Amino acid sequence: MKIFDALLDAKTSADVENIIQQLGDTISWTPIGNNPGNYGVISMGSEPYDGITERITNSMDALIELGIELVPQLKNITSPRKASEIIFGIKEGNLKCIESEMMGELASKIKVKFLDGDSQKEPTIEIWDSGIGQHPEDFPETLLGLNRDYKVSKFYLIGAFGQGGQTSFHHCKYGIIISRKHPNLLRKNQQDMVGWSIVRYRDPSTKEQFYKRGFWEYCIETSTNKILTLEPVNLRKIFEHGTIIRMIAYDLPRGAGDVLQPANTAWGFLSQSLFDPVLPIRLFEERHIYENRNRPLYGLAPRLWGGGKGEKVQIGLNDSYDIDLKRYGKLKINYWTLRPTEEYGWKDVKKGFVSGSNAIFITMSAPHHKWWGILKG
């Protein structure tokens, strides 16, 4: 109980190391994905914000899956946008179609918090969703799995490959995983429990033997070889269902300032990487050197479709057209041209929309998959 309370409070690598020391021999360690060769997959995400985006995308999937599992007739839905429309009432699954009050309510279902970490450029980042959650016995195949096909047949979900979220561990010193499955969706003989674990990087090198690289592993209970658990009645915080992913001391070489500033911060980078999401999130700044506050983040596309309302830009021209790719489906191209409402500070305003010259975004369902550099003016 005290250990779990300490886990909820842990924000620095020293905090986590102290918890691991207290746990001592009661825990042992096993590789993520049951694969001691997981380095190549987890380290392939070189862009730190992509790892955060993948985690957020998983949270969107968790909310959609909760809605689907509670109403099984919806399992024939074939796209995340259609699921977003039916479950959450978002017309066409497009955030440009909802009012600000509804946007705020939905955004609070996925909370992305920037907390004090080891340094300003190593904040701790927490993503807390109120989605379906995972039962402790399913952690090895889901939250702590790798390249599993958990989502591959679920066309209403965004993810498919079972690896994107794990790339976030490459950028942080430790990870904390906490989850509780929705009590109404427990399988037969499953007890309602909160599962938790700690993720760390291990270098297996010794004085006698050196290795080129190590691997990521997570802790389990030594006596049972299973995920550590806690009964919900023993929680000090209300946690009805969902998942908490906390990335301790996340390395951010850029964009580590006040996250709610529009340019060169988490707000700008996540608005681009979550270019046209199916659900909004709520972004929190909770570090002691900044004012504590939060606001919904709904991607760059809805801001552009809004015509620059509330921004220091005007949309000079925008249009949309479809390209029929025959047996390969259809492609929709949207474009916008921006002009400043005033020349002063235009370069800074522009940074709130694009990074450098990266002005072409290729997306599918929610996050961008690639961007190209073409920018004039």
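The values are calculated or read from the model by the stated rules, or taken from the named source; none is laboratory data. This structure is a prediction, so every number in the text was calculated from the model and none was measured. Using ideal geometry, Cβ is built from the backbone for each residue, glycine included, and neighbour counts are taken over all protein chains shown.
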Inset, instruction - Examine segment 258-273 for a residue that is of a type in the set (Gly, Ala, Ser) and touching a His at 6+ places or on another chain (Cβ under 7 Å), and state whether such a residue exists. - result: yes
Inset, instruction - Of the numbered conditions (1) touching a Pro at 6+ places or on another chain (Cβ under 7 Å); (2) at pLDDT 90 or above; (3) not in a loop (DSSP other than H, G, I, E, B), residue 267 fails exactly one; give the number of that condition. - result: (1)
Legend entry - Conditions (1) modelled with pLDDT of 75 or more; (2) among the aromatic types (Phe, Trp, Tyr); (3) touching a strand residue (DSSP E or B) at 6+ places or on another chain (Cβ under 6 Å): number failed by residue 328: (3)
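Among the residues of segment 116-124, is any under 19 Å from residue 274 (Cβ atoms) and modelled with pLDDT of 95 or more?
The answer is yes; a qualifying residue exists.
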Legend entry - Every pair of residues 6+ apart whose Cβ atoms lie under 7 Å, when the first sits in segment 21-45 and is in the same structural domain as residue 6 (by TED's automatic domain parsing) while the second is surrounded by 15 or more Cβ atoms within 10 Å (Cβ to Cβ) and of a type in the set (D, E, K, R): 26/221; 27/221; 29/217; 30/217; 31/217; 32/217
Inset, instruction - Evaluate the following for residue 282: is it touching a helix residue (DSSP H, G or I) at 6+ places or on another chain (Cβ under 8 Å), assigned to a strand (DSSP E or B) and modelled with pLDDT of 90 or more? - result: yes
Inset, instruction - Can you tell me which residue within segment 201-245, out of those that are among the small types (Gly, Ala, Ser) and either in contact (Cβ under 8 Å) with a residue 12 or more places away in the chain or surrounded by 17 or more Cβ atoms within 10 Å (Cβ to Cβ) (or both), is nearest to residue 136 (Cα to Cα)? - result: 242
Inset, instruction - From the list 105, 126, pick out the single residue that is out of contact with any helix residue (DSSP H, G or I) (no Cβ under 6 Å at 6 or more places or on another chain), without any contact (Cβ under 8 Å) to a residue 60 or more places away in the chain and among the charged types (D, E, K, R). - result: 105
Legend entry - Matching option when the condition is out of contact with any strand residue (DSSP E or B) (no Cβ under 6 Å at 6 or more places or on another chain), surrounded by 14 or more Cβ atoms within 10 Å (Cβ to Cβ) and either of a type in the set (Asp, Glu) or part of a strand (DSSP E or B) (or both), among 291, 311: 311
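Working only within segment 325-341, note down all residues that are in contact with a helix residue (DSSP H, G or I) (Cβ under 8 Å, 6 or more places away or on another chain) and farther than 20 Å from residue 275 by Cα.
Within segment 325-341, 340 is the sole residue that qualifies.
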Legend entry - Residue check for residue 321: more than 30 Å from residue 131 (Cα to Cα) and either among the aromatic types (Phe, Trp, Tyr) or assigned by TED's automatic domain parsing to the domain that holds residue 121 (or both): yes
